[in-house]
Amino acid sequence: MQKVAAYLMERYDGMSWSEARTSEALKLRKLVESWLQSKGASEIAPAGAYHAEDGSQATFSIEEAADHNRTWWMARLQEVTNEGRRFLAAVSITNGSDKVSVYITLEVGSDVTQVSPFDFDPKCPKIVRTFLHSPVRWHHGFTELRRLRQLRGFEAGEGLAEEIKHPDRTVPFIVISEGNQGIAIPDLDKTLSFDLSGIANVVVLDSDATWALTDYLGPSLSCHSGAVRLYWPRFSFAEDPHRHPLWTVSRLLSAGTDLEVTSDRFRRQLRSIVMHAAALSVVRPREIDDIRGSASRRAFAEFKDRATSVQDYADLAEMYAKNNDQLLATNTDLTIRVDELQISVARLESERTALLSHLRAARGATTQQMPDTDEIAPDPGAETDEDSAPAYDEIRYYKKKFSAPNHDLMVRVSDCSHNRWQNAHAADKAKKGIAKLEKGRTDWQVLQHCGTCTGGGMWRVRW
């Protein structure tokens with residue numbers, strides 16, 4: 001079996017008391033049981049059957065363990081098709097020492113031994129959206145898991161930029177910018193939010209918010225004019241912008257004129273990218289093994305107490321418990337090692353995506369796709385001259401596009417061809433905006449303002 005997706009959803013708010021955690025875990029368990037019953041399970045028992053949509057053989061099993069106030073409960077759903085394909089979904093609810101965690105995995109594999117291709121398109125389980133639509137806050141580590149957001153205005157864009165830059169962010173952000181005609185592919189925001197519930201936060205930005213994002217992240221890491229961008233966690237200004245794939249409007253529409261087909265292709269592509277990363281890097285809650293291990297040790301101790309009158313049984317139980325502890329310790333170490341390796345693989349996968357983008361750019365692949373793929377290739381990236389430092393005695397022209405609270409947001413433009421250049425002395429916000437665009441440079445020789453241009457003004461700078 002191969003894990004194709006993993007979800008971690010954690011409840012912190014109001015979970016300081018054991019009674020609150022117990023109550024919350026019970027509510028979540030009831031939601032899973034209702035989900036099972038909606039699939040046709042006649043009763044909730046340690047094992048049973050339900051009805052699969054495609055007629056596959058569908059069964060479920062339930063396991064649970066307790067360690068004083070801490071509890072663990074898991075429902076495992078398995079479907080086997082007539083062709084021998086096996087699909088496994090596991091939903092576990094852990095009532096831990098300071099929070100309640102939900103851990104969900106999707107796995108695929110074969111029920112028969114054969115070498116053949118296996119095309120599988122993973123989908124978000126309905127139970128994930130059921131959890132997220134409840135009137136409570138969910139987190140994955142540091143980051144709050146959110147439903148679709150529509151951000152309007154410069155300040156909202158600033159807030160998003162801070163979220164993207166935060167070093168402790170734990171889930172990717174899918175940013176969809178609005179162009180002159182709105183979103184490039186109709187309802188793409190709703191469908192991506194539906195597909196990636198629980199493993200990515202989807203955000204739609206208006207023009208003002210995208211200007212703030214450009215101002216804070218820089219042109220090469222921005223997302224505007226109808227583009228879509230995937231921002232992975234561990235964001236850094238020093239890294240290659242290609243690590244955060246960008247799809248411009250022209251790249252999205254280059255896939256064909258049928259927007260419905262394009263939408264389906266792009267949705268499948270992003271599902272594959274994000275779910276694959278989650279499968280490799282979402283770590284199973286450590287308390288699951290701790291609770292199960294403690295419950296097993298207590299069960300062995302109780303068995304030994306009952307067998308004190310028969311020394312042979314007592315010795316056997318003692319030896320069995322000791323061996324079991326060793327196996328549990330070995331299993332925990334291996335699980336931790338696997339999690340570490342999966343995180344390393346996920347990091348290598350993101351670097352591979354960046355290298356492929358470089359390769360496409362080097363080949364001049366502006367509209368064509370890479371051979372033998374149904375994917376819509378990410379854009380090669382922003383223009384490099386936007387990031388180049390000004391040379392000595394070079395003249396550059398800038399235009400104000402937006403007014404932030406403490407500075408003007410500037411973009412580099414061509415000469416306006418006017419000849420009414422005036423020295424600027426008190427243009428503090430304009431100077432700060434130019435310095436911000438040029439990565440802190442303030443060593444210009446002459447800074448002048450055009451007396452003819454309107455609509456924000458034009459500036460000429462000799463460096």
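The values are calculated or read from the model by the stated rules, or taken from the named source; none is laboratory data. This one's a predicted model, so the numbers in the text were calculated from it and none came from an experiment. When we count neighbours, we look across all protein chains shown, and the Cβ atoms used for this are built from the backbone with ideal geometry, even at glycine. Heavy atoms of the whole protein, side chains included, go into the accessibility calculation; ligands, DNA and RNA do not. Shrake-Rupley method; radii C 1.70, N 1.55, O 1.52, S 1.80 Å.
Could you check how many residues of the stretch 210-232 are assigned to a helix (DSSP H, G or I) and either over 22 Å from A430 (Cβ atoms) or within 19 Å of the chain's Cα centre (by Cα) (or both)? First the steps, then the outcome.
At the first step, the residues of the stretch 210-232 found to be assigned to a helix (DSSP H, G or I) are 210-217, 219-221.
Of the ones still in play, those that are also either over 22 Å from A430 (Cβ atoms) or within 19 Å of the chain's Cα centre (by Cα) (or both) are 213, 217, 220-221.
Count: 4.
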Members of the stretch 234-248 found to be open to solvent by 10 Å² or more (accessible area, probe 1.4 Å) and either assigned to a strand (DSSP E or B) or on the phi < 0 side of the Ramachandran plot (or both), listed by number
F235, S236, F237, A238, E239, D240, P241, H242, R243, L246, T248
For the stretch 188-199, does any single residue satisfy the condition of being touching a Pro at 6+ places or on another chain (Cβ under 7 Å), over 18 Å from G153 (Cβ atoms) and modelled with pLDDT of 90 or more?
no
Near pairs, Cβ below 8 angstrom, 6+ apart or cross-chain, from the stretch 36-48 (closer than 12 Å to T59 by Cβ) to any residue that is among the aromatic types (F, W, Y) and crowded, with 16+ Cβ neighbours inside 10 Å
L36/Y50; L36/F60; K39/Y50; G40/Y50; A41/Y50; A41/F60; A47/F60; G48/F60
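Kindly indicate which of F131, F87 is open to solvent by less than 20 Å² (accessible area, probe 1.4 Å) and either out of contact with any Phe, Trp or Tyr (no Cβ under 6 Å at 6 or more places or on another chain) or of a type outside the set (F, W, Y) (or both). Lay out the reasoning, then the answer.
Values: F87 fails: open to solvent by less than 20 Å² (accessible area, probe 1.4 Å).
Among F131, F87, only F131 is open to solvent by less than 20 Å² (accessible area, probe 1.4 Å) and either out of contact with any Phe, Trp or Tyr (no Cβ under 6 Å at 6 or more places or on another chain) or of a type outside the set (F, W, Y) (or both).
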Only one of (1) of a type in the set (G, A, S); (2) farther than 30 Å from S263 by Cα; (3) modelled with pLDDT under 85; (4) surrounded by 11 or more Cβ atoms within 10 Å (Cβ to Cβ) is not met by G381, so which one is it?
(2)
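How many residues are in contact with an Asp or Glu (Cβ under 8 Å, 6 or more places away or on another chain) and surrounded by fewer than 17 Cβ atoms within 10 Å (Cβ to Cβ) if we restrict to the stretch 254-264? Working first, answer last.
Filtering the stretch 254-264 for residues in contact with an Asp or Glu (Cβ under 8 Å, 6 or more places away or on another chain) gives 263.
Filter again for surrounded by fewer than 17 Cβ atoms within 10 Å (Cβ to Cβ), leaving none.
So the answer is 0.
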Report the residue count in the stretch 409-432 for those that are farther than 9 Å from W459 by Cβ and open to solvent by less than 40 Å² (accessible area, probe 1.4 Å).
3
Does the stretch 56-77 contain any residue that is hydroxyl-bearing (S, T, Y) and free of Cβ contacts under 8 Å to residues at least 24 places away in the same chain?
yes
Note on the stretch 41-50: residues surrounded by 12 or more Cβ atoms within 10 Å (Cβ to Cβ) and of a type outside the set (F, W, Y) are A41, I44, G48, A49
Residue count for the stretch 164-213, restricted to those that are touching a Ser or Thr at 6+ places or on another chain (Cβ under 6 Å) and open to solvent by 20 Å² or more (accessible area, probe 1.4 Å):
2
List the number of the failed condition for Y398; all other conditions in (1) part of a strand (DSSP E or B); (2) at pLDDT below 85; (3) not acidic (D, E) hold.
(2)
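Determine, yes or no, whether Q150 is modelled with pLDDT under 95 and open to solvent by 50 Å² or more (accessible area, probe 1.4 Å). Full working, then the answer.
Numbers: modelled with pLDDT under 95: no; open to solvent by 50 Å² or more (accessible area, probe 1.4 Å): yes.
When the stated conditions are applied, Q150 does not pass them.
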Here are some residues: V100, V91, V112, V32. Which one is touching a Gly at 6+ places or on another chain (Cβ under 7 Å) and touching a residue at least 24 places away in the same chain (Cβ under 8 Å)?
V112
Do any residues in the stretch 173-186 that are in contact (Cβ under 8 Å) with a residue 60 or more places away in the chain and within 13 Å of R149 (Cα to Cα) have Cβ atoms under 6 Å from those of residues that are open to solvent by 30 Å² or more (accessible area, probe 1.4 Å) and small (G, A, S), where the two are at least six apart or on different chains, and which pairs are they?
none
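Would you tally the residues in the stretch 14-30 being surrounded by fewer than 16 Cβ atoms within 10 Å (Cβ to Cβ) and within 23 Å of P125 (Cα to Cα)?
Taking the stretch 14-30 first, the residues surrounded by fewer than 16 Cβ atoms within 10 Å (Cβ to Cβ) are 14, 16-20, 22-23, 26-27, 30.
Then drop every residue that is not within 23 Å of P125 (Cα to Cα), which leaves 26-27, 30.
Of the residues in the stretch 14-30, 3 are surrounded by fewer than 16 Cβ atoms within 10 Å (Cβ to Cβ) and within 23 Å of P125 (Cα to Cα).
Give the stretch 238-253 a look and list any residue that's touching a residue at least 40 places away in the same chain (Cβ under 8 Å) and among the hydrophobic types (A, V, I, L, M, F, W, C), or say none. Break it down stepwise before answering.
Of all residues in the stretch 238-253, those touching a residue at least 40 places away in the same chain (Cβ under 8 Å) come to 240-243, 245-253.
Residues satisfying the conditions are L246, W247, V249, L252, L253.
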Which residue out of D305, D289 is open to solvent by less than 50 Å² (accessible area, probe 1.4 Å), charged (D, E, K, R) and either in a helix (DSSP H, G or I) or modelled with pLDDT of 70 or more (or both)?
D289
Out of (1) over 24 Å from T94 (Cβ atoms); (2) part of a helix (DSSP H, G or I); (3) at pLDDT 90 or above; (4) open to solvent by less than 30 Å² (accessible area, probe 1.4 Å), the odd one out for R251 is which?
(3)
So which pairs qualify, if the first residue must be in the stretch 127-152 and in contact (Cβ under 8 Å) with a residue 24 or more places away in the chain and on the phi > 0 side of the Ramachandran plot, the second must be open to solvent by less than 30 Å² (accessible area, probe 1.4 Å) and not hydrophobic (A, V, I, L, M, F, W, C), the Cβ gap must be under 8 Å, and the two must be at least 6 apart or on different chains?
G141/E10
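Return the total of residues in the stretch 4-51 being part of a loop (DSSP other than H, G, I, E, B) and either among the acidic types (D, E) or under 27 Å from L280 (Cβ atoms) (or both). Let's see the steps before the verdict.
The first filter runs over the stretch 4-51 and keeps only residues part of a loop (DSSP other than H, G, I, E, B), leaving 12-17, 39-46, 50-51.
Cutting the leftovers down to either among the acidic types (D, E) or under 27 Å from L280 (Cβ atoms) (or both) gives us 12-13, 43.
Matching residues across the stretch 4-51 total 3.
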Out of G157, G109, which single residue is closer than 22 Å to V204 by Cα and over 17 Å from the mean Cα position of the chain (by Cα)?
G157
T353 fails exactly one of (1) under 17 Å from K439 (Cβ atoms); (2) modelled with pLDDT of 60 or more; (3) of a type in the set (S, T, Y), namely (1)
